[in-house]
Each structure stands twice: as C-alpha cells, then as structure tokens.
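Below: one structure, written as structure tokens.
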Amino acid sequence: NAGVTQTPKFRILKIGQSMTLQCTQDMNHNYMYWYRQDPGMGLKLIYYSVGAGITDKGEVPNGYNVSRSTTEDFPLRLELAAPSQTSVYFCASREGDYGYTFGSGTRLTVV
Amino acid sequence: GNSVTQMEGPVTLSEEAFLTINCTYTATGYPSLFWYVQYPGEGLQLLLKATKADDKGSNKGFEATYRKETTSFHLEKGSVQVSDSAVYFCALSDNAGNMLTFGGGTRLMVKP
C-alpha cells in the first residue's frame, strides 16, 4: 500500500525557473492538500482540493498553481521560482474522519 | 481565524521521564484537535485525535484531553523512550474538516 507518493524528494532550482511537484495517492481519497514547512515552523496550507476538478486556495497560495484532473493526482506548479519558496513541501490526502495521510516530502532549494 | 500555539522547543528529557507539551488554540465553533509526529526525514504521522470537548485521545502511551474551557490539548506521556525523539505538531481542523491549522512544532530529544 503506497499511500501518498511525492516526487522528486530533492530539487535545486535557479531563480526564475519553473517546476512541478508531483503527488499521487492510491487510497481513492477525495481530499488532497499541499503544505509547505519552513525551518522551525509549522505547516502552512498552500492549496487544497475536495475532489477531481475542484481546487481552492489555502493560506499561502501566491506563486503556486494546482490542478486536479483525477482523484489520484494533485500536482503543484511553481512558476518563476523565488528564494522565498525554499522549503519542504508536503502533500497529504484524507477521507472521512479527518485522518490525514502525508507524503514524505519534497525538499526544494531556490538559489 | 484559527490558530494553534505550542510551547517552543527543544525539549530535552532523560529516558523514562514524564513528558508534557503544551498546546492551546483559538477557533470558532467546535474544531477537532490532533497531535502529529514527524520523525527525521519523514512526513507527518497522526499520533492521536479528539473530536469533541472532554474527549481523550491516546496512542502508543501518549494522551491528550480536549479541554474547551481552557482551549487546550496538552500532550503527555508517562515515560518517554529514546525512540520518541521527534517533532510533535498540534493541529486543529475547521468545522467542515477541510483544512488543518498547525502549531509551530516542538522538538523532543530523549537521551539514554
């Protein structure tokens, strides 16, 4: 049972480059989330989705975009990367009783 | 809006010591409350939860009680082990359960 799978695990980007962080889950969960975790800080919600075709902004959406064409996949797109986007990114999914399942994270450095 | 405040770490304890990590929250309505644990290099894992006032969540020797009167959800364990060394996050969900709000995390270090 794979759960929530994130790729890549690590990435270094130059300022102004773009990339897509991949997230896929095999639990048929409707709800999916993207969080970022800055050093010594809690997680901040970037975007979330309550089902295929539906997305909504979280607390810190600027500089990011998402799409949800299937139940399984919820990619996060960074356009014009900035040093402020250096962080660890976590994807999560849930269904029902608020038990979130998190991926193992993507560590992104923008230089 | 909703917010969660945790005691700052790191918390350093000797093995078999008693653990308390304080967590207080601000929220409208009746949120559900959670403790998540993050081991080095891994994602967050749900440790325990409570969905209404006076509920006690428990798992792996950890427990926390939902106290609406003090808006608190303190994490406790009677005897910590080296393997409990991790970062602990308190969190709450909004009434619809659509999103979690996290505290800043508390790093626990347990020495043999």
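What follows draws every value from the coordinates through simple rules; no lab data is involved. None of these values were measured; they are calculated from a predicted model. Neighbour counts are summed over all protein chains in view; Cβ atoms, including those assigned to glycine, are modelled from backbone coordinates with ideal geometry.
Below are the figures for this structure:
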item	result
Long-range amide H partners of A:Leu43 with built H, under 5 Å	B:Phe102
Within the stretch A:59-111, trypsin sites (Lys or Arg not before Pro) in DSSP loop having at most 14 other beta-carbon neighbours inside 10 Å	none
Quotient of C-alpha Rg and 2.2 N^0.38 Å, computed over the stretch B:1-45	1.45
Candidate lysines for bridging to B:Lys52, where Cα separation is under 23 Å - those fewer than 8 sequence places away on the same chain excluded	B:Lys60, B:Lys68, B:Lys77
Overall Cα dimensions of chain A - principal axes, largest extent first, Å	39, 27, 24
Qualifying chymotrypsin sites (Phe, Trp or Tyr not before Pro) in the stretch B:16-112, DSSP loop, other Cβ atoms within 10 Å at most 15	B:Phe18
Cα-centred dipole magnitude for the stretch A:28-72, charges only on beta-carbon of K, R (+1) and D, E (-1), debye, nearest 20	40 debye
Per-residue average of Cβ from other chains inside 10 Å of A:39-50	4
Residue among A:Met27, A:Ile46, A:Gly96 farthest towards the positive dipole end of the stretch A:1-98, charges placed on Cβ	A:Ile46
Computed magnitude of the charge dipole of chain B (debye, nearest 20; Cβ of K, R +1, Cβ of D, E -1)	100 debye
Calculated diffusion of the protein assembly as shown, Stokes-Einstein form, Kirkwood radius summed over Cα pairs, 10 °C and 1.306 mPa s, µm²/s	88 µm²/s
Chain B: translational diffusion in µm²/s, Stokes-Einstein, Kirkwood Rh over Cα pairs, 10 °C, 1.306 mPa s	114 µm²/s
Neighbour cut-off at most 15 other Cβ (10 Å), DSSP loop, GluC sites (Glu not before Pro), the stretch A:3-111	A:Glu59, A:Glu79, A:Glu95
